[in-house]
1. For the range 186-195, indicate whether the set of residues that are touching a residue at least 40 places away in the same chain (Cβ under 8 Å), among the acidic types (D, E), within 24 Å of A47 (Cα to Cα) and assigned to a helix (DSSP H, G or I) is non-empty.
2. Can you tell which of T75, T80, T84 is in a helix (DSSP H, G or I), among the hydroxyl-bearing types (S, T, Y) and closer than 19 Å to L170 by Cα?
3. Taking the range 126-150 only, how many residues are outside any loop (DSSP other than H, G, I, E, B) and in contact (Cβ under 8 Å) with a residue 24 or more places away in the chain?
4. I'm trying to understand the selection: among the residues of the range 49-60, which are basic (K, R) and surrounded by fewer than 17 Cβ atoms within 10 Å (Cβ to Cβ)?
5. Please go through the range 61-76 and pick out each residue that is aromatic (F, W, Y) and either under 12 Å from M197 (Cβ atoms) or surrounded by 12 or more Cβ atoms within 10 Å (Cβ to Cβ) (or both).
Amino acid sequence: MSQAELVMGGGHGAVAEESPYGIQSKKLAMWLFIMADAATFGAVLFAYGYERLASPNWTRPFDFFPSIVNGLLMTVILLTSSLTMLGAVRRAAEGKMAACQKWLGITMVLGIAFAALHLREWFKMFGEGWSPSRNPTGGSALFGATFFSITGLHLFHVVSGVVALAVVGLLFRRGRLNAGHVETVGLYWHFVDLVWMFVFPLVYLMNAR
């Protein structure tokens, strides 16, 4: 069947074409967004790598404790949140709304914890004199510019993901969205987690003292 009838209010109907790619339109749109976003992160990380190699006085400011330990904790939290997101998607597919809401809630809490740890690291660095345009050690100011740009971009995606999970969870509970929407927002969340697997070693581990 090439077309599907969508029943609208008042007994009237509208016709919408099915996706020609054998995938739900919302999921296809999310995959296209992820590919575009992956290109953005790829370009940013490539530029970061170039600047790092081209700067002879590049700074390595991160001690194992607390910075690297904090980053490892953030990594564990994000990886755990991917598992809880899988639980939410599975329960949604099974029609277990209460269980789905529980797993979505845990995922959101983990996302908030990640953001809180990230902001703690930022404020610690601000207190030491770091900024996007200032390096208190006297090294290249590009370190602060690239660090806050890359981690800030990722942090924005995490916060956006938490908001998206809250909205989808609320509308799913009210019956206005279905399990497919939970799976689609889950794709975004997994993408955000995957990006961190590149950001953490490149920005933190390679800049450890």
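Since every read-out is calculated from the coordinates, none of them should be taken as a lab result. Given the structure is predicted, the values throughout are model-derived calculations rather than measurements. Cβ atoms come from the backbone with ideal geometry, glycine included; neighbour counts cover every protein chain shown.
1. So far as the range 186-195 goes, yes, one or more of its residues are touching a residue at least 40 places away in the same chain (Cβ under 8 Å), among the acidic types (D, E), within 24 Å of A47 (Cα to Cα) and assigned to a helix (DSSP H, G or I).
2. Values: T75 fails: closer than 19 Å to L170 by Cα; T80 fails: closer than 19 Å to L170 by Cα.
Answer to the selection: T84.
3. Residues of the range 126-150 that are outside any loop (DSSP other than H, G, I, E, B), as a first pass: 126-127, 131, 134, 142-150.
Filter once more, so that each one left must be in contact (Cβ under 8 Å) with a residue 24 or more places away in the chain: 142-143, 146-150.
Count: 7.
4. In the first step, residues of the range 49-60 are kept if they are basic (K, R); the result is 52, 60.
Correct list: R60 only.
5. We begin by selecting, within the range 61-76, every residue aromatic (F, W, Y); these are 62, 64-65.
Scanning the range 61-76 gives a single hit, F62.
Results for (1) surrounded by 15 or more Cβ atoms within 10 Å (Cβ to Cβ); (2) under 20 Å from N207 (Cα atoms); (3) touching a His at 6+ places or on another chain (Cβ under 8 Å), shown as yes or no for each residue.
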{"site": "R91", "(1), (2), (3)": "yes, no, no"}
{"site": "T107", "(1), (2), (3)": "yes, no, no"}
{"site": "G111", "(1), (2), (3)": "yes, no, no"}
{"site": "A115", "(1), (2), (3)": "yes, no, no"}
{"site": "G127", "(1), (2), (3)": "no, yes, no"}
{"site": "S133", "(1), (2), (3)": "no, yes, no"}
{"site": "G161", "(1), (2), (3)": "yes, no, no"}
{"site": "A164", "(1), (2), (3)": "yes, no, no"}
{"site": "G175", "(1), (2), (3)": "no, no, no"}
